[in-house]
Ligand SMILES: Cc1cc2nc3c(=O)[nH]c(=O)nc-3n(C[C@H](O)[C@H](O)[C@H](O)COP(=O)(O)OP(=O)(O)OC[C@H]3O[C@@H](n4cnc5c(N)ncnc54)[C@H](O)[C@@H]3O)c2cc1C
Ligand SMILES: Cc1cc2nc3c(=O)[nH]c(=O)nc-3n(C[C@H](O)[C@H](O)[C@H](O)COP(=O)(O)OP(=O)(O)OC[C@H]3O[C@@H](n4cnc5c(N)ncnc54)[C@H](O)[C@@H]3O)c2cc1C
Ligand SMILES: Cc1cc2nc3c(=O)[nH]c(=O)nc-3n(C[C@H](O)[C@H](O)[C@H](O)COP(=O)(O)O)c2cc1C
Ligand SMILES: Cc1cc2nc3c(=O)[nH]c(=O)nc-3n(C[C@H](O)[C@H](O)[C@H](O)COP(=O)(O)O)c2cc1C
Ligand code: FES
Ligand code: FES
């Protein structure tokens, strides 16, 4: 299968660590740092870790979260409590022992264009939080955050504190420009721009409009429930033009065109 | 059954709270405080709480621990990691959410004698930690701690810091007087002393020697695995002369003579 | 009690204010031991298993925790039918909740004699729940529920002796829960309780011997919930009498799943060890779900998740 | 590798450096995806189920976590026998660990054709593991393991076609695991794997429909351990061929319990999702236990917990 963007795939490591801090990131979201007992390998934007509480079997499985600022013995995550696992995670105090498996997945490919547009739907900003800064040293980087509306004001502010030139769009028009992240991206798109997107599935599907607008390199990071994070269980499969792919190995980042959106 | 020492038994409450601190108490033992969201009822020495981590089902059951310094919205426990549940508990950082059920059980009866001897085997000191101070205002109180030996030096020190006139005995003679807690108690016993004991089963059984020495009021706090802590499951039954009794309702404190030691 | 509006239901002849039952063997029989407010949301209370003669229960270890589960080997410790009727029943019954008398027996003769005793206090008993599923005794218990013939004989016998509501508590170990439930229905049971604990075991690794004296023990608690839910789905698909869902329900969401799968009521066991307020929070959740979907009565909730639209075809 | 001293064992014709097997369906077939060091302590690797033709697996949700458990409905997604032989087997086999080929079939004809294909690469295959226990497909799978007649027919057929070691992976849903294991033994199987996932289900409460398209799914993970251990105890008591304990083993203590109950080897599935180093820590624990008890060889550990001294009499 030709879906592996990186020529040499590195299997994930199983690491132990502790929550170093857990802070509010606005609108119910949490910003957490894990300090690992042993050194982390390098990670690239779009890669992720499975995170779970150590030593207990409920919750059982690690939950996948995009990592950022990962280096040495610490790695950061940004998440929103949406279910049992994330709600529990949000309630854990610093010092709690956790298991990490990662970095998993392919991550985004090395950019080939001179300009990069990063398009995030709400928590989809996570993989771009340091990518934006990292790439803007050498490339023109435009970051877009789309949120549903006023409930997301604090979170939008938190993101703007980190990416001052971020473009924010809200469906209800109460924060930043009115409209969706995709519309915002279309309005900023210039020929030859490379576009990366991360967010809810419907948004990613709509990103297809970028192709129509002439975008040649359009990559999206997809979400699936996962068990192993290393290509064993086939629980995370995604239908692509090249056949069934695993979000945790051949993904989570796919070329938009590869994905069979209407499966 | 005439085993209920207290005329009016109060069923336990289900409370939520957070770990306020978790400190080393020497020799691997932990001293923790739980701050509860709502006010605690009064507790008496020998009563206990079932303690578990909130919101998860592994570990499933609350673990029974004798409470001390319980008042208002805070209650303290002293424990030793001996298995999965206690090891996990020892690793939890302050701020961790916990469920409490209690106070459970009968506790020790109101002392009738003018002198009270409290006999503890290692962690059996827990229910006596504030009883010693509380009763010494009105009674002559002698507290005895028995430990196996030198591995328990730090823990013995921790106990002495709280009960300066504590008598310590160690099996290997390396801490305090050589010998067992029971031997120590026999040597300090005076006619009409009331004796309370808490510790491992073999020690409690040996406490029978106090009777031979003339002790009339001898109470022991027994341990059993528990599920409900409120008399429902019959998992904690103890054979007594009056029939089967529940350690969580008719106990954990029994008159030594009531217990069928060789069941 | 407008919180409970719409939650009233009649399950197999027992009229209950809510469809949440306290399962057998987990709750004190003496009301003075019940935590304050813990009956809020409770629709009925099952007794601990009653046998003809008093039983001391099993020796040795009785409880062992597993991952999200509890193995128990209590062994039907109880004071016998006469003591139940004299000491427990009046108090239980004065709580105002229907009392479900859970009965266990080794022989049909014993079954007959227990029911005769209970007939003497018929008005204090909401229903008899035949326990043909206890894994923790060597005779009687589960054996009655494993075999079609003995299940039919025992339910038929009970039916002919007892005029009140008759429920049967089935064993997850029955080769087919659908068949077992159908036998109960045709033999005159008015409801089936699905199910009891699952047969498990634990090893004492240090002593290199089984942890329980009787080797096997019954597994309850959240661990078994997905298995119990499947049994309820199967049983509800095969009978017209109500199914009481039991096994691993430790919160409102799990209770709701049971109703959607076809249960008309739920029974809570191990969950009450963790939180005595689950009946109350379950009722709140059920009310809320019914309100959101404009479901007027709880009985209309039973089986709503069975009309699903996806194809069953596999790949 | 003195850490592994005494752990060598021959299980049903397969010689393994350790008695710890990677169970079917949980591990990548491509060794380049294996985490560094993760094969430490591993004695053999099972393939994902192989069917004659490629299968796309099930649509819709495939995974759902439960309390200490995992429901899966993967549905035997695989590239078919030919692709296995050409793409996966050579790499798997070059790992140096015996490869156990897990095969699933709908008809005896299909069984025959798969085995014929595998016969062409006999030397790369440690054993065939007949999967008569997959709950996630509509035909084949579990159906073969539920009925005495079909179990006997299929094992006998496989035995006549395959000269190498033959294992059968039994279903926890079999009415009697002891009977099923005995049928395998008399039909020529050299080992039984006990067992596969337990049939469970989950409800999507918001959508009011079953969470999985196929309604039922297979439950694995720590939740089922006490149930699997009981099955192993029963199976080991009824056959002389080795029993491989599988189901819910997530740590060294559980693995040790399986041996004491009668298993000659263990297979790890869901546990590997949590920690890829469990095979290694399991081997350490086994070695340590054996040393402490002066047990020279792992084969002497199997069943040591069966000679218990307490009475079985109940109360
Ligand atoms: C590669 C990858 C990277 C991700 N990065 C982030 C991130 O940086 N920040 C963040 O907040 N979230 C991220 N997610 C989503 C996150 O993993 C889920 O929100 C989380 O697993 C939900 O767990 P839960 O137990 O709270 O939810 P559940 O109670 O299991 O489910 C609640 C809801 O979440 C959905 N859900 C469950 N698991 C997943 C999943 N694996 N992916 C998507 N939706 C899921 C369910 O369908 C349901 O709607 C990522 C997911 C993937 C696959
Ligand atoms: C009324 C009462 C008061 C107690 N007070 C204290 C206290 O103040 N401080 C303290 O350190 N311990 C106390 N204990 C003991 C404590 O409850 C157990 O150590 C704890 O439950 C073990 O849990 P675990 O999961 O770590 O052990 P497991 O892994 O379950 O078992 C480890 C070992 O502990 C034993 N054990 C398990 N449960 C109990 C139990 N309920 N009682 C006794 N032994 C058990 C097991 O038999 C085994 O030997 C008390 C017990 C009771 C019944
Ligand atoms: C400690 C204990 C004692 C039990 N005693 C009985 C009993 O006497 N009769 C009976 O029918 N079921 C008995 N059960 C089974 C429960 O009523 C219930 O069916 C089972 O535990 C599954 O439900 P749960 O997972 O909610 O606990 C007992 C269960 C436990 C845990
Ligand atoms: C995601 C997943 C896929 C599985 N696929 C297969 C399979 O293809 N063939 C098979 O025989 N068993 C399969 N199993 C069952 C496991 O091999 C194992 O028997 C079962 O999960 C119980 O063990 P565990 O609790 O250690 O996981 C699968 C299990 C899981 C979780
Ligand atoms: S999560 Fe297991 S294959 Fe992707
Ligand atoms: S712990 Fe349940 S009766 Fe004592």
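Of the numbered conditions (1) crowded, with 24+ Cβ neighbours inside 10 Å; (2) at the interface with chain C (Cβ under 8 Å from one of its Cβ atoms); (3) farther than 30 Å from residue C:260 by Cβ, residue D:244 fails exactly one; give the number of that condition.
Result: residue D:244 fails condition (2) only.
Could you please tell me which pairs satisfy a Cβ distance under 8 Å, a separation of 6+ or placement on different chains, a first residue in the range C:91-102 that is without any contact (Cβ under 8 Å) to a residue 40 or more places away in the chain, and a second residue that is away from ligand 2 (no atom under 16 Å from the Cβ) and outside any loop (DSSP other than H, G, I, E, B)?
Between residues of the range C:91-102 that are without any contact (Cβ under 8 Å) to a residue 40 or more places away in the chain and residues that are away from ligand 2 (no atom under 16 Å from the Cβ) and outside any loop (DSSP other than H, G, I, E, B), the close pairs are C:93/C:99; C:93/C:124.
Give the range B:76-102 a look and list any residue that's in contact (Cβ under 8 Å) with a residue 24 or more places away in the chain and assigned to a loop (DSSP other than H, G, I, E, B), or say none.
Within the range B:76-102, B:80, B:81, B:92, B:93, B:94, B:95, B:96 meet the criteria.
Look at the range C:171-204 and say how many of its residues are more than 9 Å from chain D (Cβ to nearest Cβ), assigned to a loop (DSSP other than H, G, I, E, B), touching a strand residue (DSSP E or B) at 6+ places or on another chain (Cβ under 7 Å) and crowded, with 24+ Cβ neighbours inside 10 Å.
5
How many residues does the range A:246-257 contain that are farther than 14 Å from residue D:63 by Cβ and within 13 Å of another protein chain (Cβ to nearest Cβ)?
2
Picking from D:214, D:230, D:207, which residue would you name as being within 9 Å of another protein chain (Cβ to nearest Cβ), within 30 Å of residue C:302 (Cα to Cα) and free of Cβ contacts under 8 Å to residues at least 40 places away in the same chain?
Among D:214, D:230, D:207, only D:207 is within 9 Å of another protein chain (Cβ to nearest Cβ), within 30 Å of residue C:302 (Cα to Cα) and free of Cβ contacts under 8 Å to residues at least 40 places away in the same chain.
Restricting attention to the range A:155-185, which residues are within 20 Å of residue A:254 (Cα to Cα) and out of contact with any strand residue (DSSP E or B) (no Cβ under 6 Å at 6 or more places or on another chain)?
Result: A:182, single match.
How many residues are under 18 Å from the mean Cα position of the chain (by Cα) and either within 11 Å of ligand 1 (Cβ to nearest atom) or part of a helix (DSSP H, G or I) (or both) when one looks only at the range A:206-226?
Selection size over the range A:206-226: 7.
Can you confirm whether the range D:111-130 contains a residue that is under 20 Å from the mean Cα position of the chain (by Cα), more than 16 Å from ligand 3 (Cβ to nearest atom) and on the phi > 0 side of the Ramachandran plot?
Looking for residues that are under 20 Å from the mean Cα position of the chain (by Cα), more than 16 Å from ligand 3 (Cβ to nearest atom) and on the phi > 0 side of the Ramachandran plot, one finds none in the range D:111-130, hence no.
For the range D:23-49, enumerate the residues that are within 9 Å of chain A (Cβ to nearest Cβ) and either under 18 Å from residue D:164 (Cα atoms) or not in a loop (DSSP other than H, G, I, E, B) (or both).
Selection gives D:32, D:33.
For the range B:116-125, check the following and say yes or no: at least one residue is away from every other protein chain (no Cβ under 14 Å) and either over 30 Å from residue B:9 (Cα atoms) or within 16 Å of ligand 5 (Cβ to nearest atom) (or both).
Within the range B:116-125, none of the residues are away from every other protein chain (no Cβ under 14 Å) and either over 30 Å from residue B:9 (Cα atoms) or within 16 Å of ligand 5 (Cβ to nearest atom) (or both).
Given the structure, is residue B:208 out of contact with any helix residue (DSSP H, G or I) (no Cβ under 9 Å at 6 or more places or on another chain), over 30 Å from residue C:35 (Cα atoms) and either in contact (Cβ under 8 Å) with a residue 24 or more places away in the chain or surrounded by 15 or more Cβ atoms within 10 Å (Cβ to Cβ) (or both)?
Against the criterion (out of contact with any helix residue (DSSP H, G or I) (no Cβ under 9 Å at 6 or more places or on another chain), over 30 Å from residue C:35 (Cα atoms) and either in contact (Cβ under 8 Å) with a residue 24 or more places away in the chain or surrounded by 15 or more Cβ atoms within 10 Å (Cβ to Cβ) (or both)), residue B:208 does not qualify.
Pick out the one residue from A:232, A:243 that is more than 16 Å from the chain's Cα centre (by Cα), within 16 Å of ligand 5 (Cβ to nearest atom), modelled with pLDDT under 95 and within 14 Å of chain D (Cβ to nearest Cβ).
Checking each option against the conditions leaves just A:243.
For the range D:66-81, what are the residues that are farther than 13 Å from residue D:49 by Cα and touching a helix residue (DSSP H, G or I) at 6+ places or on another chain (Cβ under 8 Å)?
Correct list: D:66, D:67, D:68, D:69, D:70, D:71.
Among residues belonging to the range A:58-80 that are out of contact with any strand residue (DSSP E or B) (no Cβ under 6 Å at 6 or more places or on another chain) and within 12 Å of chain B (Cβ to nearest Cβ), point out the one that is surrounded by the fewest Cβ atoms within 10 Å (Cβ to Cβ).
Applying the filter and picking the extreme gives A:59.
The values are calculated or read from the model by the stated rules, or taken from the named source; none is laboratory data. Keep in mind that what you see is a predicted model, and the values were worked out from it rather than measured. For neighbour counting, all protein chains shown are included, and Cβ atoms are generated from backbone atoms with ideal geometry for every residue, glycine included.
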